[in-house]
Amino acid sequence: MTFSVAVIGAGVMGHGIAQSMALSGTNVNLYDLNREALIKARSAIEKNLNLFVKYKLIEPSQREMVLKRVHFSNHLENCLVNSNYIIEAIPEIVDLKWGLYSTLEKICSEDTIIASNTSTIPLTTLTQHSLVPERFIIAHFLNPAPLVPLVEVVKQDITSKATIQKTLTLLEKIGKSPVLLKKEVPGFIANRLQAAVLREAFSLMNEGVADAADLDSVMKNGPGFRWAFIGPIETADFGGLDTWKRVLDNLSGDLNNSAKAPEMLNELVKHNHLGVKTGNGIYNYEDVSIEKRVLERDESFLNLLKLKEKKISTHL
């Protein structure tokens, strides 16, 4: 039987994951209850593939072949019939996920792996009501899924070795850089590191040290520039551990250690200033073309992807 992946949920992450699979030569069944979501997903994939053609990651003739590998459906059982691997990318509401898993386990054979793209919910929580918890795993893609190489893989003690190995093999096949967490922790790795930086950035804004644009500039042109090729641990090794010991000794006591989100962020959320999605956040996007900004972001990521020589596995 031909290997096929079912992606449940056609939102931003779902259609991005589906595209990543299709680029690798894998057939994908993309499911969503909402027909409109499926229409938007197809349009988004088409636009993204145009960028891949523009940046010579695929040939123009390959674009249609990739599209043909993605099958859009709002009938769950039809979507699962020939699927050997399932990736759930529905909203981060645990009751919704439990309901979906209950349905999936009634339909799928016991050897079908069920992966969640969750970025926040522990695997032990996700599998509380599962009949076969050892076939569940977390495969956390980062947005935009077709462009960011990292996928965090989270297991628990009872996760089968076959589930882990098949997940890592699949992710490597589609050109990703999977990282298997040795143990489950809240926020996994990427969000913990991002949260630590963001907490300090908000603190520096609040103290009047710098505004948002300057803080973003520091990260893009300083640490972020380095971290694209050598991570923070390698940076410490290159800089000298004796030097970084002094830095941490001198700074640790002054770093922000707030236990909750800052009041500034609470106020923005309270007034529905949520960023790009509402046209206003820390920056104002009311007179800005969001579509253009997203395109500029993705083109920058594609340039970086090419620079890092991450080959996209097409097998076309």
Just the residues that are over 30 Å from Val218 (Cα atoms), assigned to a helix (DSSP H, G or I) and not basic (Lys, Arg), please, taken from the range 150-205. Ala162, Thr163, Ile164, Gln165, Thr167, Leu168, Thr169, Leu170, Leu171, Glu172
Lone unmet requirement of (1) part of a loop (DSSP other than H, G, I, E, B); (2) open to solvent by less than 60 Å² (accessible area, probe 1.4 Å) for Asn143: (2)
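Here is a list: Asn257, Asn284, Asn303. Which entry is open to solvent by 70 Å² or more (accessible area, probe 1.4 Å), among the polar types (S, T, N, Q) and within 30 Å of Gln62 (Cα to Cα)? Step through it out loud before you land on a result.
On the way: Asn257 fails: within 30 Å of Gln62 (Cα to Cα); Asn284 fails: within 30 Å of Gln62 (Cα to Cα).
So the residue among Asn257, Asn284, Asn303 that is open to solvent by 70 Å² or more (accessible area, probe 1.4 Å), among the polar types (S, T, N, Q) and within 30 Å of Gln62 (Cα to Cα) is Asn303.
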Within the set of pairs 6 or more residues apart or between chains, which connect a residue that is farther than 18 Å from Asn266 by Cα inside the range 206-223 to a residue that is open to solvent by less than 100 Å² (accessible area, probe 1.4 Å) and modelled with pLDDT of 95 or more with Cβ atoms less than 6 Å apart? Ala210/Leu204; Leu215/Ala201
Check off (1) closer than 20 Å to Phe141 by Cα; (2) surrounded by fewer than 23 Cβ atoms within 10 Å (Cβ to Cβ); (3) in contact (Cβ under 8 Å) with a residue 40 or more places away in the chain for Gln19 and give me the number that stays unchecked. (2)
Among the numbered criteria (1) open to solvent by less than 60 Å² (accessible area, probe 1.4 Å); (2) of a type in the set (A, V, I, L, M, F, W, C); (3) farther than 26 Å from Glu152 by Cα; (4) modelled with pLDDT of 95 or more, which one does Val70 miss? (3)
Before we move on, is Val294 under 26 Å from Pro223 (Cβ atoms) and of a type in the set (A, V, I, L, M)? yes
State which residue pairs qualify: first residue closer than 16 Å to Thr124 by Cβ and inside the range 168-190, second residue among the hydrophobic types (A, V, I, L, M, F, W, C) and surrounded by fewer than 15 Cβ atoms within 10 Å (Cβ to Cβ) in any location, beta carbons under 8 Å apart, and separation of 6 or more residues or different chains. Leu181/Ile189; Gly187/Ala195
Please give the number of the condition Leu126 fails out of (1) under 18 Å from Ile8 (Cβ atoms); (2) out of contact with any Phe, Trp or Tyr (no Cβ under 9 Å at 6 or more places or on another chain). (2)
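The values are calculated or read from the model by the stated rules, or taken from the named source; none is laboratory data. Because the structure is a prediction, the values reported are computed rather than measured. For neighbour counting, all protein chains shown are included, and Cβ atoms are generated from backbone atoms with ideal geometry for every residue, glycine included. Ligands, DNA and RNA are stripped out before the accessible areas are found, and what is left, the full protein with its side chains, is counted by its heavy atoms. Shrake-Rupley method; radii C 1.70, N 1.55, O 1.52, S 1.80 Å.
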